[in-house]
1. So A:ILE26 passes all but one of these: (1) within 10 Å of chain B (Cβ to nearest Cβ); (2) farther than 15 Å from B:PHE203 by Cα; (3) β-branched (Val, Ile, Thr). Which condition number does it fail?
2. Take the residues in the range A:71-115 that are under 19 Å from the mean Cα position of the chain (by Cα) and of a type in the set (Asp, Glu), then tell me which one is modelled with the highest pLDDT.
3. Go through (1) out of contact with any His (no Cβ under 6 Å at 6 or more places or on another chain); (2) open to solvent by less than 40 Å² (accessible area, probe 1.4 Å) and name the single condition A:LEU82 misses.
4. Please pick out the residue among A:VAL31, A:VAL43, A:VAL47, A:VAL9 that is more than 24 Å from B:ASP196 (Cβ to Cβ) and part of a loop (DSSP other than H, G, I, E, B).
5. Please go through the range B:173-186 and give me each residue that is surrounded by fewer than 19 Cβ atoms within 10 Å (Cβ to Cβ) and either under 15 Å from the mean Cα position of the chain (by Cα) or modelled with pLDDT of 95 or more (or both), ordered by number.
6. Conditions: (1) open to solvent by 10 Å² or more (accessible area, probe 1.4 Å); (2) over 21 Å from B:LEU208 (Cβ atoms); (3) touching a helix residue (DSSP H, G or I) at 6+ places or on another chain (Cβ under 7 Å). B:VAL147 meets all but one. Number of the miss?
7. Is it the case that some residue within the range B:154-163 is at pLDDT 95 or above and more than 23 Å from A:ALA60 (Cβ to Cβ)?
8. Anything in the range A:34-83 that is more than 20 Å from B:ILE205 (Cα to Cα) and within 7 Å of chain B (Cβ to nearest Cβ)? List them, or say none.
Amino acid sequence: MADDTKHEVNILACFLLLLLFTAAEIVLYEVWRQSNATGDPFVPKFVLVLIIFAFTLPKAFIVMTYFMHLKFERVTIVGIALVPLVLVAIMILPMLTDIRTLAERNYTKDHTLADFKAPPDKAAHGNSGAAGHHEGAEAADDEQEH
Amino acid sequence: MSQATAHDLAHEDEGPLMAHGSVLQTGITNGKIVMWLFLGSEVMFFTGLIGAYIVLRFGQPGWPRPDQTLNVPLTAVNTFFLICSSVTLVWALQSYQRGQPAKGALGLLATTLIGAMFVGIQVYEYIHLFRNQMTPDKNLFGSCFYVMTGFHGLHVLVGVIAMLVLTIMAFFGKFGPRYTQYAPIELTGLYWHFVDLVWIILFAIVYLM
């Protein structure tokens with residue numbers, strides 16, 4: 001039974017995998033950023049986000065499973081760890097429709113800090129709250145599209 | 001982290017766990033259950049922040065590009081440091097389990113130093129951003145960024161303090177190869193790895209999305 005108490009984790013393998021996934025994320029993001037700067041990104045941004053998450057989830061899995069030893073824990077502990085994840089899923093689900101609607105409207109475009117600045121005519125009218133800000137950003141979008 | 005079975009714990013007759021009757025019938029120590037419940041509440045806490053960020057980000061037509069505002073390469077290096085700190089902590093725990101307290105203490109010291117380095121780099125990043133007028137009240141991105149990374153940084157800071165205490169205890173020979181002797185490292189390690197886990201997700205969402 002003593003052997004059951006101490007589970008050796010292959011630290012080097014875990015470390016290399018985490019390093020590999022992190023490096024892949026950053027390289028991918030940098031390549032996308034540079035291709036986007038030329039006006040021709042090699043994949044749409046939402047695909048990039050999906051790919052980055054595809055790299056992030058295995059990292060989270062490795063930390064939970066091996067570093068936090070969930071793989072070797074009793075069902076009770078695994079249950080305690082999983083309950084919040086179920087609650088998280090329940091919390092995220094109602095947001096999905098909003099996120100989808102908003103993403104279809106906004107997320108395919110690329111923005112800069114300049115988008116936050118209202119055009120001069122809007123600024124002259126006092127930049128009245130969120131509505132003015134929104135219109136200013138849309139105007140900037142139109143400029144980018146052309 | 002490493003799991004002590006009911007059989008193992010039951011035979012630690014002189015250990016403080018049995019002395020205080022804190023081994024449940026499940027065979028899991030009170031400390032571990034409490035830590036996991038705490039981490040469960042932390043999951044909800046950070047999910048609330050991340051969920052709010054995602055909705056706000058998609059809902060805002062003009063969202064700054066992170067690479068034009070934040071120092072992504074520096075933070076990537078910082079992410080690497082935090083991953084390294086988790087690795088050194090696992091190494092420290094395994095060293096204690098193998099009966100190598102010197103290596104264990106060294107691992108704890110390395111974890112503390114790397115964690116402190118992470119906090120230091122984050123403070124440097126904040127100073128740099130403030131000098132560039134990227135303040136929490138600048139825009140939605142600013143407030144979301146500081147709230148999410150700030151709360152995470154606070155968690156790391158608490159972890160660093162805990163690691164420092166463990167390191168000092170380690171150099172005084174307070175830990176050993178038996179479960180009851182290295183349990184504090186295991187429990188603090190759970191917290192530390194969780195903080196690492198949160199950063200892995202935050203880095204992807206805040207810096208790369």
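The values are calculated or read from the model by the stated rules, or taken from the named source; none is laboratory data. Model, not experiment: these values are computed from the prediction. In this analysis, Cβ positions are derived from the backbone assuming ideal geometry, glycine residues included, and neighbour counts consider all displayed protein chains. Each accessible area value is taken on the protein alone, full model and side chains, heavy atoms only, with ligands, DNA and RNA left out. Shrake-Rupley method; radii C 1.70, N 1.55, O 1.52, S 1.80 Å.
1. Condition (2) is where A:ILE26 drops out.
2. A:ASP98
3. Among (1) out of contact with any His (no Cβ under 6 Å at 6 or more places or on another chain); (2) open to solvent by less than 40 Å² (accessible area, probe 1.4 Å), A:LEU82 violates only (2).
4. A:VAL43
5. B:PRO184
6. Just one mismatch for B:VAL147, condition (2).
7. Yes; the residues of the range B:154-163 include at least one that is at pLDDT 95 or above and more than 23 Å from A:ALA60 (Cβ to Cβ).
8. Of everything in the range A:34-83, those that are more than 20 Å from B:ILE205 (Cα to Cα) and within 7 Å of chain B (Cβ to nearest Cβ) turn out to be A:PHE67, A:MET68, A:HIS69, A:PHE72, A:GLU73, A:ARG74, A:THR76, A:ILE77, A:ILE80, A:ALA81, A:VAL83.
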